[in-house]
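Here's the structure, in structure tokens; my notes come after.
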Amino acid sequence: MNHQVATFELELPRTKPRVMYYVALTKPRVLTMILVATLTGFYLGSAGHFDLRLALGLLIGTALAAGGTLALNQYMERDLDARMERTRHRPLPAGNLYPVEALWFGVALTAAGLIYLYLAVNGACTAVTTVITIIYLAAYTPLKRVSSLCTAVGAIPGALPPVAGWAAVRGGIDAPAWVLFAIIYVWQLPHTLAIAQLYREDYTRAGIRLLGIEDPDGRGTAGQVVINTLALMVVALLPTFLGFAGVTYLIVALALGGLLLSSGFQFASKPDLAGARRVMIASLIYLPALLLVMVLDKI
């Protein structure tokens, strides 16, 4: 984008206060999910000794670091966002902010978050958060343009927030934290596959190589949804079998897994957009409900 084009775009009428465009760079909905997952790991690691001051420090630092990372992702993908219907109204492709503003905003926010975590929480949590930032920006983001492996790689930073929360309160990473990681990692696969089918034309137009994009009839994707959901159901049983969740959690995990699996089978029998949408909705119900019952099981 040359200076003349950027200037023209920035002169377009704005319908929001300028600060709201900076807020939009942090992807508030995604950021909220990250904070919930992080706090879940923190609570489960607290083992009944919840430190409110430490939790607030964790949330502040994570919000800054994650918000900055997401802003840098929008800076790096501004050309792709401009090609997709669902993202062309974001602040950069819409011309509401200069790219350099997003760049420095993202750098400053990320650096502030990591420094704050180190000073207010601990080194272990900061290290995990740093790994999330590096993999997300240096591996997942550029890989989206070249290989469907980006789906598997991107699921790593997506599953690490509860590990960071656990490390914040324990000062290290124990087996339960890795189980949380495994559950969220595997959950992302059917969820992302459904999204890839729903927005396949948009992603194809932008040149994003998510897993399932090169499957126009959806049959292969539907099969992968079923397989990955079965794997998720097995992994989700580990908290009970390893002794840090009870029978109530086990029953709910099986019920939620059954709901997601049922939507997967429906999608497999008729691989259309309606089927993909059912899988996406079921997956959106699955994870928050599973984490909630895991927390309630510890109260």
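The values are calculated or read from the model by the stated rules, or taken from the named source; none is laboratory data. In this text the structure is predicted, and so the values were computed from the model without any measurement. Neighbour counts run over all protein chains shown; Cβ positions are idealised from the backbone, glycine included.
Quick rundown of the values:
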read-out: Any pair with Cβ under 7 angstrom, 6 or more apart, that starts in the range 38-52 at a residue that is under 16 Å from Leu292 (Cβ atoms) and ends at one that is modelled with pLDDT under 95 and part of a loop (DSSP other than H, G, I, E, B); value: Tyr43/Phe50; Leu44/Lys298
read-out: Count - residues of the range 258-279 that are surrounded by fewer than 21 Cβ atoms within 10 Å (Cβ to Cβ) and assigned to a helix (DSSP H, G or I); value: 12
read-out: Single residue of Leu256, Leu237, Leu211 found to be touching a helix residue (DSSP H, G or I) at 6+ places or on another chain (Cβ under 6 Å) and either modelled with pLDDT of 90 or more or more than 24 Å from Met84 (Cα to Cα) (or both); value: Leu256
read-out: Sole exception among (1) buried (at least 20 other Cβ atoms within 10 Å of the Cβ); (2) within 17 Å of the chain's Cα centre (by Cα); (3) without any contact (Cβ under 8 Å) to a residue 60 or more places away in the chain for Ala182, by number; value: (1)
read-out: Of all residues in the range 25-37 being under 26 Å from Leu97 (Cβ atoms) and touching a residue at least 12 places away in the same chain (Cβ under 8 Å), the one that is farthest from the chain's Cα centre (by Cα); value: Leu25
read-out: Selected residue (only one of Gly165, Gly171, Gly113 is more than 18 Å from Ser46 (Cα to Cα), in contact (Cβ under 8 Å) with a residue 24 or more places away in the chain and not aliphatic (A, V, I, L, M)); value: Gly113
read-out: Among the candidates Gly172, Gly158, Gly154, residue that is assigned to a loop (DSSP other than H, G, I, E, B) and within 18 Å of Ala37 (Cα to Cα); value: Gly172
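Residues checked against (1) farther than 15 Å from Leu287 by Cα; (2) surrounded by fewer than 20 Cβ atoms within 10 Å (Cβ to Cβ); (3) in contact with a Cys (Cβ under 7 Å, 6 or more places away or on another chain):
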{"position": "His191", "(1), (2), (3)": "no, no, no"}
{"position": "Arg205", "(1), (2), (3)": "yes, yes, no"}
{"position": "Leu210", "(1), (2), (3)": "yes, no, yes"}
{"position": "Glu214", "(1), (2), (3)": "yes, yes, no"}
{"position": "Gly218", "(1), (2), (3)": "yes, no, no"}
{"position": "Ala222", "(1), (2), (3)": "yes, no, no"}
{"position": "Leu232", "(1), (2), (3)": "no, no, no"}
{"position": "Thr240", "(1), (2), (3)": "yes, yes, no"}
{"position": "Gly246", "(1), (2), (3)": "yes, yes, no"}
